[in-house]
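The values are calculated or read from the model by the stated rules, or taken from the named source; none is laboratory data. Quick caveat, the model's predicted, so the values are computed rather than measured. Neighbour counts run over all protein chains shown; Cβ positions are idealised from the backbone, glycine included. Remember, those area values only see protein heavy atoms, side chains included, never the ligands or the DNA or RNA. Shrake-Rupley method; radii C 1.70, N 1.55, O 1.52, S 1.80 Å.
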Amino acid sequence: MKNMLHPLPYKYDALEPYIDAKTMEIHHTKHHQAYFDKLNAALEKHPELQEKSVGELLRGINNIPEDIRTAVRNHGGGHANHTLFWQIMTPKKNKIQGKIEKEIKKSFDSFDEFKIKFAETAMGRFGSGWAWLVLNNGKLEIMNTANQDSPLMEGKIPILGLDIWEHAYYLKYQNRRNEYIENWWNVVNWEKVEENFDKAGK
Ligand code: MN
């Protein structure tokens, strides 16, 4: 946790035209950086927690000392959520295939049905939050969370996540969250999602 915030795995303009460079830059260098810094500041009060991964901290959120529990929930969640978000996007054109395609079809009837349900769940979150594809007791499920809450706090493993805070899309899409969601499918990194699925099942 004491390390520097990682750079993105691609350039800020790499996801154009679907996500604009200015949004990506502010999102990473200001928003994500702030979550990261505030998490680290909170952990300074409990140095014994500094060696834990952010995933461990969130899974054990109820055991985090009360004086920093909200900070770990908000800023640790923010750090974990954004770290996943950058990884499950890519400028490389790629299609869903292989095991993850099979599992999504099995769980949601078809890929199109999955996308519709995911978009509905993302649209259905009032205010700020995230839409997720998670593995819950071995089953794929779609859910959303408020603010920076992580599915890890409920014992669920996120394998795909979409940031639906206005800071993720407002510069380009203003209030058109639906258009942002629709365009976002063009930059999903399905190879990474499959990798997350594989790891989550182990
Ligand atoms: Mn964000």
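Data overview
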| quantity | calculated |
| --- | --- |
| Equivalent-ellipsoid semi-axes of region 1-115, from the Cα gyration tensor, Å, largest first | 31, 21, 11 |
| Computed log₁₀ I(q)/I(0) - Debye formula, equal Cα scatterers, no solvent, region 21-87, q 0.24, 0.28 Å⁻¹ | -0.98, -1.24 |
| Backbone HN-Hα couplings from phi across region 161-171 [Karplus 6.51/-1.76/1.60, Hz, Gly and Pro as x] | x, 10, 6, 10, 5, 4, 4, 7, 8, 5, 4 |
| For the chain, radius of gyration divided by Kirkwood radius, i.e. Rg to Rh on alpha-carbons | 0.95 |
| The chain - percent of accessible surface contributed by carbon and sulfur, probe 1.4 Å | 48 |
| Of the chymotrypsin sites (Phe, Trp or Tyr not before Pro) in region 123-202, those whose Cβ has at most 11 other Cβ within 10 Å and which sit in DSSP loop | F126 |
| Residue-by-residue Karplus 3J(HN,Hα) for region 148-158, coefficients 6.51, -1.76, 1.60, Hz, glycine and proline x | 10, 4, 9, x, 4, 5, 9, x, 9, 9, x |
| Rounded Å value of the spacing that divides the Cα centres of region 28-81 and region 125-175 | 18 |
| At R0 = 30 Å, FRET efficiency that the Cβ-Cβ distance of E179 and N137 yields, to 0.05 | 0.30 |
| Whichever lysines have a C-alpha closer than 28 Å to that of K95, once near sequence neighbours (fewer than 8 apart) are set aside | K11, K22, K105, K106, K115, K117, K139, K156, K172, K192, K199, K202 |
| Cβ-derived FRET efficiency at R0 45 Å, A41 paired with E120, nearest 0.05 | 0.75 |
